[in-house]
Structures are given as structure tokens and as C-alpha cells.
1. Taking region 248-265, which residues are part of a helix (DSSP H, G or I), of a type in the set (Gly, Ala, Ser) and either open to solvent by 20 Å² or more (accessible area, probe 1.4 Å) or farther than 18 Å from residue 198 by Cβ (or both)?
2. Please enumerate the residues belonging to region 342-355 that are open to solvent by less than 30 Å² (accessible area, probe 1.4 Å) and touching a strand residue (DSSP E or B) at 6+ places or on another chain (Cβ under 7 Å).
3. Checking residue 291 against (1) modelled with pLDDT of 95 or more; (2) open to solvent by 60 Å² or more (accessible area, probe 1.4 Å): exactly one of these is not met. Which one?
4. Can you list the helices (runs of 4 or more DSSP H) lying wholly within region 78-181 that have 1 or more residues being crowded, with 22+ Cβ neighbours inside 10 Å and out of contact with any Lys or Arg (no Cβ under 7 Å at 6 or more places or on another chain)?
5. Those residues that are among the aliphatic types (A, V, I, L, M), open to solvent by 60 Å² or more (accessible area, probe 1.4 Å) and farther than 30 Å from residue 321 by Cα, I need them from region 369-407; list them, please.
6. Kindly evaluate residue 689 against the criterion of being among the hydroxyl-bearing types (Ser, Thr, Tyr) and either closer than 30 Å to residue 548 by Cα or assigned to a loop (DSSP other than H, G, I, E, B) (or both).
7. Just to be sure before I move on: is residue 520 under 24 Å from residue 475 (Cβ atoms), within 36 Å of the chain's Cα centre (by Cα) and open to solvent by 40 Å² or more (accessible area, probe 1.4 Å) in the structure I sent?
8. Which is in contact (Cβ under 8 Å) with a residue 12 or more places away in the chain and under 30 Å from the mean Cα position of the chain (by Cα), of 372, 423, 356, 407?
Amino acid sequence: MNRLLILFSYLLTFALFNACDNVKEKHFLSDKNYRNEVHNQFLKRKELAVNRNEALFGVFNNDSLTLEQKEALEFLYAYMPLCDLADYSGDFFLKQVNAALMIRDYFPWGKTIPEAVFRHFVLVYRVNNENLDDARIHFFEELKDRVREMSMRQAALEVNHWCHEKVTYRGTDGRTSAPLALVKTSWGRCGEESTFTVTALRSVGIPARQCYTPRWAHTDDNHAWVEVWIDGKWHYMGACEPEPELDVAWFTAPAKRAMMVHTNVFGLYDGPEEKNEKTALFSKINLLPNYTETRILNVKVVDVNGLPVEDAQVKFKIYNYAQLYPIAAGKTDKEGVVSLLTGLGDLVVWANSGDTYGYRKAASDQHEIVVTLDCHSGNSYDETMELIPPTEQKINGIDPAKQQENTKRFAYEDSIRDAYMKTFMNRQQAQALSREIQLDETLVWKYIQLSQGNWKALETFMRRHHANPYLFPFLASLSEKDLRDTPSAFLDDHLNDQITNAIDPKYGNDKTFIANYILSPHIDRVLIRPWRSALSSGLDAAKMTATEIIGWIKENIRIVDGENYYNCPITPAGVYELRIADSYARNVLFVALCRTFGIPARLNPASNKPQYYENKQWIDASFQTIESEQNAKATVQFTNDATNPVKPQYEIHYTLAKFEHDDFYPLDYYGNPALSQFPATIQVDTGYYRVMTGSRADDGSVTISTAYFTLSPEETKKINIKLPHPEGKMKLLGSVDMNTVIQPEPGVKKTLKELSNDKGLVLCFIDPDKEPSKHTLHELSQLKSELESWDGGLLVMTPEDRYLKTQDGSSTYPLPAQTLRTIDQDRLLLNTVSNALQLNFQNNFPLVVFLSRNGGILFYTAGYQIGVGEKVLRVIQAQER
């Protein structure tokens, strides 16, 4: 704490020194024309945010502000997304400006950074859609002495090592935690790791930006990483995945197959990169040429008479997670033309003008296509399409000696993080807590464990509310991320005796329902804040019904879509103060107001529409002037075709999408229990729909079957899900990320891709003391010479809970030389594979899986089987043909 006080004293001295030095004051924005553009945009933003005028702009009344501080602040305000205008204060932004200017002068490389690069990639406080905090100041304090005497390149690499000491990868939900919250947890998904790493790099004055491939073309999912500006050039690195050199990462090879890599740049930006989109507030720049070969695809949009269509909306799409996902978008010029710099794979180009649309496949060798707007909603038809991604390319390796040294550092950094995680409350301490406050021991430990580094906040909250009968239903209504990064005081705002005593008896005694839809502060991907007290104090809770809430929102909240370009959700309290929102934030505010006033409400889990509960049914909240048949419903029943080799999974093998105004938008049923078993039945709004089914082959290509149809009120539509067969190619049963890391021994990490030797990988999960596993190991040992000649990977894993050294039977069989035997900690890989196969694995060992070099599951068998080794060999031989 003393060191932080010293830092703040330094910041204050820095500001006062510059304020007194009037003669030498300099502009932060040196170009007069650019400065005028920024100032004019600042005035527009100030007018937009007039309802938070004092909270945001009161800092400009400080007479000690220097010219640099004022101009830097104006730059930030001029291009600020709605979420920041709504939810943060001027003091926060001034603190970010002071820190950035101080950091620039503290490090020797600060003077070498061009003004524009510093402005867009150091000063800016936001990386993507994360929740904001003072991480820049805290990270500077930790890193300044560690890197100040290094070169800029060495410092960038060292910062990434520091990041790995703090954070490692683990999948999580779509809300992006703040950097300090990530440190507290010690893990996050790639989007959070890269946000965290960019923040750390900027905290020592190194320009950095987060890069995304919005979706891979050759496999499902996406990825985010970091680019750093070093001595005049941009380089890439894996976030929290330090390497001995820049421009080295596990994703180097996948990135060469990408169809798009991009990033958002805050503010008016005139850099050299191709711009996929440029608005008054930001640019989306195309970074794909930094990674792979590209081509320019020119698209001409015409009407049914062949005439060019100006201002047509065009989306460039690839197949991913059973939908056509847009990787870029643009509008046509007067000639009806729009262009995209993209990769050497197939795309689907979608164009529309109003509700008239057209689409066409653009093959990898095409540079020009014409799309005719000749489609309207309502037509029923089927079609099949194949999309081929860019081909795989070979990459150069790294010096083994450097890699070995880096691996040693990895082990040390893991030990630092592990030591921190051991400071979390353990099970014995949780048991003692449960006895003290007289709560269920299992549930106390469950939520303490889920809270990770936020355990002190959860302990405080449980102590404070241990007598409330809604305590555990309330905690169950939160996401795991909510438990990890929400302060106890914020939770207090939503659970107390006054709130629970006011619950209307008409909702019965279903504590789960009441907790989920009245008490819970969790609304989709919005950060939990203490909005309940703010909303209830501002409005008359006793008199507002759901219908009156809709009317109040329509009258008082201005909808401005497109201004919240980072898509960071605005909190309900922020919308209430600013009185401006995008459509999503308006819907969230509706749910929050309803819950504040004791009315059950939610965002529909499939369509994300706001709904309230009345007369034992969910009712859509409409903010349209004219009511439509919005509540008319139809029924869809999915069946599983008998020929499918695996049970289809929603958003893996198929999706259902509804046409809305200009395009088809998939319903979000991922993980929904209603679709966990076939036949599966759901109720949806009436309208025009598309069901898409896809099968991906080993080379990454995908065969897509699509059906278009209209659903009428009270209609029941039966849809048989039949996975298409990729002609002449092996069909995938699922896929596993080949960049998944295992740790066969302390300090040693291997990816599945490395183990595959670029030929494939046999995964064998065993219970070593059981006969079925011994049979399989024996059969694999009988094929020792064949498997060694093949030279692919063989990984034998024993789940941690099944491992005893004295019973590890895998070591008694003469398995092929390339075999790696190890323990599956917490069944992480076994669960990953089971989920990919949609396999309800009930300890039916052994589970044997063959992964292609790209991670496609081409074969699996579970339980007692004879001839497993021969089956594996046949798959290998078929793959090599």
C-alpha cells in the first residue's frame, strides 16, 4: 500500500510540475487539424452525455490541468463508447491519463514511440469489452523495476512471463473480467488473457493491441492474442504464453489458415493497415497480412434486373459452430461494389437491401463475384454446400536450447501461481466456517471453491446472510464468474430481509424461481453492480407494473445503437443515469427494473428477448410502437437420424436460425436441457427459419445441409437431423483442440499437436487395474511395430482418481516407443473428449479415441471390446490413403 501511495504522490507531483511550467506546455495532439477534429467530436460526446455532465466532465474544472492532460482527456471522451460514458467517472479517466503520461516519461523507450502509436495503443484505457479497473497503476508498480533497464523487446517478453506467473488458461463464459479480477482468480479464457496482457504491456509504456480471428475456418471456435509495437514494427505473442522470441506461438500454424485477423482501434485512426470498418468513433483494422497469404475479393451486388445496388449491406461469412458466422461486413458503393482483403479459403457472401437478400459462395480462387438480391422470406427449399478452408502450411521451429530454458521458466512461474492459489480457503477451513454459521457443509464448500480468489467476499456474504432462507438459491442463480469477481457489498444490494420479505405471495414458495427471476442480479453477461437500490430510490416501486415499466423506458430512455462499439454491456444503473442505451442495455434495464419491483423477469435464454412472468406464463416485453403477433408460437421437434455416427449437438452439429429484418440469427440453445435428448421439442416464435447441419472432414472442409421454411401459429414442425457425409472424406465425430496442453511431469508441458507428430494421436483412457483396460493395452502392444512405423502419437492417460503407482498396469505392456504415459488431473482431458463426443461416460473404461492431426475425432470405442487395436490401425491406414 505504501508503494502505491508513493506512486500517487509521483503522479500528483508530475501533474503540478507541468501545470506550473506554463512556458513549456506542449500539445498532446500536435497536429492542429487533428486536434480540431478531436475537439469537435468531444463536444458532440459531451452533449450526448449531458445527464452525467458533472460526473464525467467536472474534472475539466480543475485549474491545475495541463494542456497535455486536457487534450488527452478530450481524446478519450471524444471516442468513448456508451458503456464508459454511463458507468465510469471523470476522476477514473483523469487517473488513466496521468498514469499514461507518467509512464511515457519513466521508461527510456517512451520517447521513441510516435505520437499516434502512443495515443491509440498506450493511452487508451480499454482493450476490448472488459470491465474497467485501475490495473494500469497496480501493474506499473509491480513491473517498473523489473523491466526498466531492459531493451523494449526484452521488456515485452519479460512482461509476458510476469503475466504467466499471474494467469493461465481455462475456458469460461463470455463476460470479460477486469484485469485485476483475473489476477485474483489466476485464470481466464484467451480473450481475458489477451486483455490482461495488453493492459500489462501498456502499463510499462509498450504499445500493444489485442488481435482476434473472429472464427477459424478449418475448425470451430476462435482465438485472441497480442501484438506489440517494438522499435517501429508490430510483432505477435501468445497472451500469458511466453516464448523465447517474438512472433512465436502455438497458433502460428492455425493463423496461416485464417480468413480474418482484426482488432478495434479506439478513436480517429490513420494507420497503414487495411480498414474493414471506419466510423466517427473507431476503426476495425485488418491484420491478416501479418500472418498469411491474402487475396482481395471484390463483390458486386445487383438487383433482379442486373442493376447495381448502392448501400447494400454485405457480410462475409465462414462456417463455424453450425452457423455461417460473419468475419467482416461492409456496404456497397455507387457501383454496387465492396471489397475485402481475406485468406485463401471459401466464403459465403451474404448481401441485403432492406428485407430483400441474396447470397453466394466465393471459392478460394475467386477474386470477383456477383450477388443478386433475389430472395425474400417465405420460400421453402433445401440446399447443400461444401466450404474448403485455406490449406495447412508448415512453420519453422525454434532453437531447442531456447525452448528448454523457456520450459524451465514455465515450471517456476507455474509454482508461483500455484503457491498463490494455495492461499485460497481450503475444504477444512470451509467446514469450520459452515459449523460456525450453521450452514450446510457441502454447499458452503461448493460456493467457496467456485469463488476462487474471491473467497473472502463470499465468506463475508455468507456470514452476513446465513439466516436468510434464500441464501443458497441466490448464490445458485449467479454464474461462476460472478462468484469469482463480485464484491460482497454489491451482492448485499440484492439480498436482504427487506427485499425477501416484500416478495409477493402469489409467486409461491419456489425459492429457485424467486431467486433466479426476482432476487438475482445476474442478467446475461452484465457485470453485477448495486443497481437495485439506485433504481428503487429513483422510481416509485409501489406503483409500477411491467406494462408501466415498458412505458417509462419508452418515454425516458433514448436508444442509440452503434455507439457502444466495444459491446461491453452497460449496467442498469448506468443506463438510468445516462438515460441513453443500446437495445441490449434497454432490455437489461427492463429486467432489472422488474426484479427491483418484485416482478419476475428474464432475457429469454434462446432469443434474448426481455420477458416478464404473469399469469403463470412468460410474456415478451415489446418496445415497438405497433404490437405484432410476437407471442404467436409454433413447435419444433428434432429427431436423430438412425444413420448418424454420433448424437448431434446443438451449436456443434446443427442450429436453428430465425430471419429478422436482414439476416438469419441462430437461437441460443447451446447446452439447453430441452435439446439434450432426442426427440427434442422446443417452442419458438412464428416466422421464417433456417435449420443448418454440418459435418467437418479431416482436412477442415465442411459439408453443409440447409433447409428453409416458415412456421405458422400453433404449427408443429418435425425436423430430422441427418449429418451430411463429406464425399470421399472421413467424417468427424467431434473435435478436440490440438493446442490443449498436458503436463506429463512437473515443468514439462506438451500440446496434443506436438504429441501427434503431425500424423495423428491415439488417446487411451484407462482404469489400469481392470480387465478391459488390460485387454486394450495388450492389443496395442501387439501392434507395436506397426504403430512405431506409423510414428504418430500414443497417449495413455489414467484419471487422477484411478491412479495408484502400485497398480499402473500401463507400464507392464511393451507399448510403442512413442507412447507417453501420464495422469489426467481432474479428468480434464477425459471430460473434454467425452463432451466432444456427447458421450455420457460412466467410467466405462477404456475409452480409446483417434484424433487426426487437426483434432478431428475419427474413431472411438468405450468399454470392453475385442479388436480395438485393429480398428485403430484401420483408421490410421484409411487416413493415410
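1. 253
2. Correct list: 342, 346, 347, 348, 349, 350, 351, 352.
3. (2)
4. Answer list for region 78-181: 82-87, 90-106, 135-147, 152-166.
5. Looking only at region 369-407, we keep the residues that are among the aliphatic types (A, V, I, L, M), and these are 369-371, 373, 385, 387-388, 395, 398, 401.
Those left that are additionally open to solvent by 60 Å² or more (accessible area, probe 1.4 Å): 370, 388, 395, 401.
If the condition is that a residue be among the aliphatic types (A, V, I, L, M), open to solvent by 60 Å² or more (accessible area, probe 1.4 Å) and farther than 30 Å from residue 321 by Cα, then 401 is the only one that fits.
6. Taking the combined requirement at face value, the residue does not satisfy it.
7. Considered against the rule, which asks whether it is under 24 Å from residue 475 (Cβ atoms), within 36 Å of the chain's Cα centre (by Cα) and open to solvent by 40 Å² or more (accessible area, probe 1.4 Å), residue 520 comes out as no.
8. 407
The values are calculated or read from the model by the stated rules, or taken from the named source; none is laboratory data. Computed from a predicted structure; not experimentally measured. Cβ: placed from backbone, ideal geometry, glycine included. Neighbour counts: every protein chain shown. Accessible surface is based on the protein model in full, side chains and every heavy atom, while ligands, DNA and RNA are left aside. Shrake-Rupley method; radii C 1.70, N 1.55, O 1.52, S 1.80 Å.
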